[in-house]
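Have a look at the structure below before the remarks.
The values are calculated or read from the model by the stated rules, or taken from the named source; none is laboratory data. This is a predicted model, so every value here is computed, not measured. Cβ: placed from backbone, ideal geometry, glycine included. Neighbour counts: every protein chain shown. Remember, those area values only see protein heavy atoms, side chains included, never the ligands or the DNA or RNA. Shrake-Rupley method; radii C 1.70, N 1.55, O 1.52, S 1.80 Å.
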Amino acid sequence: MPLPQLAIYRHDRQNRALITLAGEIDLESAPLVRAALARCLSDGIRIIDVDLTPVTFCDCSGLNSFLYAAQRTTGAGGILLLHNPPPTLGRILDLTGSGLRVLRLPLGQVPPSLGDDPAPAAPAAPHRNVPLVAVLSGDVR
């Protein structure tokens, strides 16, 4: 079996860690992501920032790793934040509605203050005629 094409870098500062993932997150490499995030918790880290800028691909197994880690981190009194997801993961987060749980602004970007002009809004996703749940369950009407 070939080795996963994923590199994981970690930088700690007190109870906060920056995890930078580079490469592809898929069925083969997702367990490495899950283990790296779990290791942060076991090392006493309670705020985990995950920089996904160098990630070229992430499928639903990667999403599952992030959601599992977010749940465990929250249970330990901490928070897990994803930054700069690749388009594939951004689409999965949007479709599943789980982006609000783990997605944050790009690293280094601060939200505008109340007096600033907001950034232009991104175009809305196309409207779906069939609810996603119905499609997943096979009940298409």
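Quick notes on this structure:
- For region 27-66, a residue qualifies if it is open to solvent by 40 Å² or more (accessible area, probe 1.4 Å) and not in a loop (DSSP other than H, G, I, E, B), and the qualifying residues are 31, 32, 34, 35, 39, 42, 47, 56, 57, 60, 64.
- If you check 115, 77 for being at pLDDT 85 or above, assigned to a loop (DSSP other than H, G, I, E, B), farther than 27 Å from residue 28 by Cβ and open to solvent by less than 80 Å² (accessible area, probe 1.4 Å), only one passes: 77.
- Within region 80-100, the set of residues being touching a helix residue (DSSP H, G or I) at 6+ places or on another chain (Cβ under 8 Å), of a type in the set (Ser, Thr, Tyr) and open to solvent by 40 Å² or more (accessible area, probe 1.4 Å) comprises 96 only.
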